[in-house]
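The values are calculated or read from the model by the stated rules, or taken from the named source; none is laboratory data. Note that this is a predicted model, so its numbers are computed, not measured. Note that each Cβ is placed from the backbone with ideal geometry, even for glycine, and that neighbours are counted across all protein chains shown. Surface accessibility is based on the protein's heavy atoms, side chains included, excluding ligands, DNA and RNA. Shrake-Rupley method; radii C 1.70, N 1.55, O 1.52, S 1.80 Å.
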Amino acid sequence: MIEEDILPFEAHLELRAQSVEALLRRLLDERILPGEIVRPGTLLAAMRHGVLNGGKRLRPFLVLESAALFEADGEAALRVAAALECVHCYSLIHDDLPAMDDDDLRRGQPTVHRAFDEASAILAGDSLLTYAFDIIADEATELPAQRKLDLVLGLSRAAGIGGMAGGQALDLEAERKRPDETGIITLQAMKTGALIRYGCEAGAILAGAAPADRERLAEFGSAIGLAFQLADDLLDLTSNAETMGKATGKDAAAGKATLVGLHGANWAQDQLHGLVEQAHLLLEPYGERAALLKDAASFVAERRK
């Protein structure tokens, strides 16, 4: 039997993903919670299709590993990780809609509006977004009330008008009016980076870590959020739909500006190297406890799908 601490990084990522997936399956079953009236079958099936379809579960992983820095990666952290994944999957469901990016494929499967219909996809996304806050607020998430409040507020800000949803709006505007470099960085920090940043800070919040630790983990999240988007833009140019499990080359076809498009692939590779170094330096105070988070930064920059 291989010792867990010497498993390759992707095996650790998979172990965390399995734990999150198992909880998501329980959260998205047919059982009616107190205060609910009924869980409509088609809506529940659409939600499950949009969530239980594989994926790396990177954002939940970041919650769990940032919590582990402070020995707090227990059941409460798992539930916060699942809540964040619900928000992420809601964003993918809505992003795939014809009015948004109009995609037919997600994680190698038909998108929710193709597998069901547009109305079901909209409602599935709405339900996942609201359910995320339900999961954190529920008494089953055993945390002090102030930490729950901080987690809910942080997720609201990361997902809303000044975070992911606002970034999606800017991304749509970018198809009509190309932003400059500052505009692209802002857009990407909101659309992609905000939830990644939150995932890193959330572990410190639920652990009751010091404000300085919260800020350090948030800065780490910002660095790997930008790295994630740069790597994604590179893959959009160089990979294919079979490998990625979704359409590629769509940004260029839509005329969207990206940092890779502005500066080229070689520049992007240099930037990725610098962002990984920055992320690693931010974690130096935690020593070996931060090894998996450092590996996550490298993985984000070097991933091939």
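Among the residues making up region 46-63, those that are of a type outside the set (K, R), within 14 Å of the chain's Cα centre (by Cα) and either surrounded by fewer than 24 Cβ atoms within 10 Å (Cβ to Cβ) or at positive phi (or both) are G54, G55, L58. When each of G221, G208 is tested for being touching a Cys at 6+ places or on another chain (Cβ under 8 Å) and open to solvent by less than 60 Å² (accessible area, probe 1.4 Å), the lone residue that passes is G221.
Of all residues in region 100-136, exactly one satisfies the criterion of being free of Cβ contacts under 8 Å to residues at least 24 places away in the same chain and touching a helix residue (DSSP H, G or I) at 6+ places or on another chain (Cβ under 6 Å), namely H113.
The single condition among (1) without any contact (Cβ under 8 Å) to a residue 12 or more places away in the chain; (2) hydrophobic (A, V, I, L, M, F, W, C); (3) surrounded by 18 or more Cβ atoms within 10 Å (Cβ to Cβ) that L7 does not meet is (3). If we scan region 144-153, do we find a residue that is open to solvent by less than 60 Å² (accessible area, probe 1.4 Å), within 26 Å of L226 (Cβ to Cβ) and among the charged types (D, E, K, R)? Yes - at least one qualifying residue is present in region 144-153. Look at region 70-90: where a residue is open to solvent by 10 Å² or more (accessible area, probe 1.4 Å) and modelled with pLDDT of 95 or more and a partner is of a type in the set (V, I, T) and assigned to a loop (DSSP other than H, G, I, E, B), sitting 6+ places away or on another chain with Cβ atoms under 6 Å, you get A76/T141; R79/T141.
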